[in-house]
C-alpha cells in the first residue's frame, strides 16, 4: 500500500514538473506579447465564456447548489473582470514607469535610469469553492496574472470540476483564436494534496494565489517555506468582519439596520468571506431593539442548500461547538426543518466580558451565523475590537453624531481591516480600482495587496531599473517618445509627454 | 553560568518590550501628523546632522577606516535622502490615492470607495557596517519609515557605535525642535543577538529593514518565522553583480573597460553590495587584452584598510578558500605588503566549464576581489548566467552591434537582477525615483521592493479602502476637494481635480 502511495506521489510530482516546464516556456514567449495582444486575449476569453453561459450556469448550479440568478451574475462579474484588466493594460500606466534623465554636468555625472514593473513568471492559482467563476478558473486571480504578462497554472477546485473544465475549454479557444502560446494557461485536475504541494514547491513557480480557508492557506504557506528560493503566497483566508453599531444610529434606525443585516448575514447562505460574523454594540434600548428586530428577520429565512456536504458538515459542527461556549445565548434561528446540506441561519449574543475571556468566540463559522457582542461602554467596545485578529472588513454603522462621539473607537477600526465601511454591509465586493479585498493576517497572508480590483495585478510583478540603455533597447513603456502615451514620472513630474532631449 | 545567561536574555527581552511599547505609543500619535509636519521633521534631522558634520566625519573615519572624503560625501547623501523623502511627502501623490464614485442608478447601486496607502506601524531598522551614515542610523531605511508615518527603532551597528549615537543625538534634537512624539525614533545599543531577535519577534513590530550579509539577513527571516503574525523582513544581502563583456566592445575598448572596472572593483576597498564580482566574456583576443589590462591596473592598487578586523579576516579567509578551487588562476593582485586590516585587491579567472561544475565560484567574497569567467561561446555564456542566483545588478558592456548580436543572452540578463546597466559599472547607486536597489533572492528577501530611492517608502505601508464615508471623515488625501492637490485616480482617470459632485 505504501508503495502504491509513493508511486502515486511520484506520478503527481512528475506530471507537475512537466506542467511547470511548459508554464516557464510559455511565459518566456508570452511576456514578449504587447499589452494590446494580451488585452485582446483577455477579451476573447470573456467572449468565449459568454458563449457558454447557457451551459455553464446550470452545470455550476448542479455542482455548487448556488441559484441560477446568482451564477448568472457571477459570470457577468467574471467577464467584467477580464475586460477590466484588458482596459487596464490597454491604457498602460499601471506599470509605474519612471524616468530619471542623465546629467553629465553633475559631479559625479548622473546616469539615465528608467524603471517599470515586469511580470515575475509562472503563477499557480487555486480555485475557490464559493465562487465557481469569479474566484476560480478564469476568475480575478487568473485574469490579473494573464494581464501582468505571466503564464498561469490553474488548480481546479474539486467541488466544481466540470464547471472548471468547461471554463478552461473557453480559455483554450481564446488561446487558439488569438495565437497565444499554448501553455500560457494550464489546468491541473489532479486534486491530491501532493499535486498542490508539487505546484507550490516547484522551482519555476514564482507566485501563488489562493482563496479559501485558513487551514488551506496555511498549508500552502508551509509548503512554500520548504522552497530554497522563497515566493509570495497570496492567500485570502478567514474573516469574521466585525461591525460596530453606534448608539445614535441604533436609536434612530434599529429596524432598518436589522433588515439590512439579516439580508447580509444570510446572503448566499452566508458563504462569503465578507459575511458579517460579529455585531458589536453598547448595551442600550436601541441595541436591544436591533437584536430583537434582527431575530424576527432571521426567523423568517428559509433554510438553503450549502455548496457541498463537506461545507454543510463543517457549518453544523462549527455551530454546535459555538453553541456550547459559556455565556452564548441564541437570539433567533431560522426553521429547523432543514434538509440534507441545508443550513439553518442563526444569530446569537454574548456579553463582552464572556467574549473577552474566550478566544473561541472569534473563530469563523463559515455560513449564515453571526454573533452579537453586548458591551457595557465604549471602553469595553474598544477592548473587544483590540482583541480581534486582522480582518477583511470593518463596519461602522453610525450617524454624523456617532462619528463625532466615538472618534477613538472608529480610529481603531481602521487598523483592523483592509476595507472600512460606513453604513454599508460588508457583503458585495465592488470590482474597481479603489477596492481592497485584503487585510492584516490572518484575513490574508499579505495586507499589502488586494485580490479584487485592478491593483490585484501588482501581486505578480516586480520593478526593474534599466540604466544608461540605448533608446532602441528600451521597452515601449520607457522609450523617449512615449509611444504608448502612458503616464510616467519623469524627473519627479507626472506627465504623458515625451522625454525632452538634452 | 546558564542562569546568568538566561538573566541577560530576559533583561534584553524586557528592555525591548519597553522599547516596542513606546514605539507603538509614538506611532499612534505620529501617524496623525500631517505630511507637512513629517517633512519638516525630516528636514530638521538633515539640518542637525549637517551641524555635526565636522565631528561626525573624523569619528566615523576612526570607527570604520573609511577615508574622510568618502564620509563627507556619504553625509551629503544621507541628508539628501532625508530631504528627498521630505519633498516626496510634501508633494503627496505617493499615497496612490484612488477614488471610485458612487452610482445610485446602477443595479445594484455602486458605492463610493476610496483607497490610499497608510503606514503599518513600528519598524525596526538594522544599520549596515559599510555605510555608517547612508544605510545606518538616519539612513535611507529610517528616512523612508519616518516619511511613511511609522515610528522607527534603530539597532545601532556594533562597528560604529559612537557615530551611531552622535547621529541619534541629531535626531533627538530634531524631535524636540519639531514637537514630534519623543519615541518616534529610538536607538537600541544592546548589540546582543537576543536583542535583535526580541526586536524582530515582538508583536508590535510591523516590519524590519536590514542591509548586510546573507547569514545576517537569513537569521532575521528565521526569527520572523517564529512569529504568530507574520511581518515582512526586507533584507538586502549578498550579490556578486555579474557583468558581461560582449565581443565588439572588447575588440574596441578593452583598455578603457579595464580602467573602468579596476576602479569599480577596488572602490571603497570593494566593500559595496554592488561590487562587480563576476566578469563574463567569450574567449577572444579582446577578452585577453581586457584581462591583461585589468591585471596591470589591479597591480597598481595600494592595499587599503577594510572597515574592521572581522571583515578583513572574512575577506582573507574567503579569498584563500576561493584560491584553492580547482581551475582558478590568479590574473593579478595588488602589492602583498598589506598591513593589519588591509585588503589585497585580486582578480582571478576560470574557464566556464570549471565554473559550471563548482557552485563555490558563485559565492560572494566581500572585498576587492573579482572573478573572470572565460566562455567558449554565447551558448556557454548564457549557461553560466542561468546558473546564477538572483542579483542586485546585471551589467551589459556592449556596442549597438553587440546588442543586436546577443539579444537572447541580454534578455536573460534582465531576469537576473533588479537593475540592469549598459556600459556603466554597478558601483554608484543613484538615489532617485527610478532606482531599484533590490533583486531576486538571495540578493534580497523580496524582489518587489527597493531599499534606495523614493519608492523605498512602499515597504512600510498597506492600502486601505474607505467605503461610503462622509467627506469630513476622510483623510485630506481622499476628500472631495483635494485640499493637498495630489494626483489621484478618479473613476479610472488620473487627475489633480476635485471630485465632481453628482
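Read-outs: derived from the displayed coordinates by stated rules, not from any lab. Note that this is a predicted model, so its numbers are computed, not measured. Quick reminder, even Gly has a Cβ in these numbers, built from the backbone with ideal geometry, and neighbours come from all protein chains shown.
Listed values, structure above:
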| quantity | calculated |
| --- | --- |
| Separation of the residue B:72 and residue A:302 label points, Cα + 7 Å toward Cβ, nm | 8.5 nm |
| For chain A, share of DSSP beta bridges that run antiparallel, in % to the nearest 5 | 35 percent |
| Label point 7 Å beyond Cα along the C-beta direction, distances from residue A:68 to other copies (nm, shortest first) | 8.8 |
| Equivalent ellipsoid semi-axes, region A:244-367, via Cα gyration tensor eigenvalues times 5, rooted, Å | 24, 18, 12 |
| Per principal axis, descending, Cα span of region A:163-234 in whole Å | 39, 26, 19 |
| At 7 Å out from Cα toward Cβ: residue A:468 inter-copy label distances (nm, ascending) | 5.7 |
| Alpha-carbon centroid distance for the pair region B:101-142 / region A:59-109, whole angstrom | 21 Å |
| Gyration tensor verdict on region B:50-208 (Cα atoms; rounded if a/c is under 1.5, prolate if a/b is larger than b/c, oblate otherwise) | prolate |
| Estimated translational D of the protein assembly as shown in µm²/s (Stokes, Kirkwood radius over Cα pairs; 25 °C; 0.890 mPa s) | 82 µm²/s |
| Distance histogram for region A:441-502 (every C-alpha pair counted, 5 angstrom bins, percent rounded to whole numbers) | 4, 14, 17, 20, 14, 11, 9, 6, 3, 1, 0 |
| Between helix B:247-266 and chain B: long-axis angle, C-alpha atoms, 0 to 90°, nearest 10 | 70 degrees |
| Cβ-vector label at 7 Å, residue B:299, separations to other copies in nm | 10.0 |
| Fraction of antiparallel bridges per DSSP, the protein assembly as shown only, in percent to nearest 5 | 30 percent |
| Shape call, region B:1-122: gyration tensor on alpha carbons, a/c limit 1.5 | oblate |
| Antiparallel bridge percentage (DSSP; both residues within region B:32-156; nearest 5) | 50 percent |
| Using alpha carbons only: equivalent-ellipsoid semi-axes of region A:275-322, gyration tensor based, whole Å | 27, 14, 8 |
| Between region A:454-479 and region B:328-397, the Cα center-to-center distance that results, in Å | 29 Å |
| Cα-based Kirkwood hydrodynamic radius, chain B, one decimal, Å | 24.5 Å |
| For B:419, A:70, A:38, order by how many other beta-carbon atoms lie within 10 Å, fewest first | A:70, A:38, B:419 |
| Region B:81-155: radius of gyration and largest Cα-Cα distance (Dmax), Å | 18.3, 61 |
| Distance in nm between pseudo-label sites at residue B:52 and residue B:256 (7 Å out along the Cβ direction from Cα) | 4.4 nm |
| Over the protein assembly as shown: helical MRE at 222 nm, DSSP H runs n ≥ 4 each giving -39500 (n - 2.57), nearest 500 | -13500 deg cm²/dmol |
| Label-point gap, in nm, between residue B:228 and residue A:400 - each point 7 angstrom along Cα→Cβ | 4.2 nm |
| Anisotropy class of region B:314-452 from Cα gyration tensor, a/c 1.5 cut | oblate |
| Backbone N within region A:280-316 under 19 Å of label point (7 Å from residue A:357 Cα along the Cβ vector) | A:283 |
| Kirkwood Rh (inverse of mean 1/r, distinct Cα pairs), region A:380-483, angstrom | 16.7 Å |
| Length-normalised contact order of region B:43-148 in % [C-alpha pairs under 8 Å, at least 6 apart] | 26 percent |
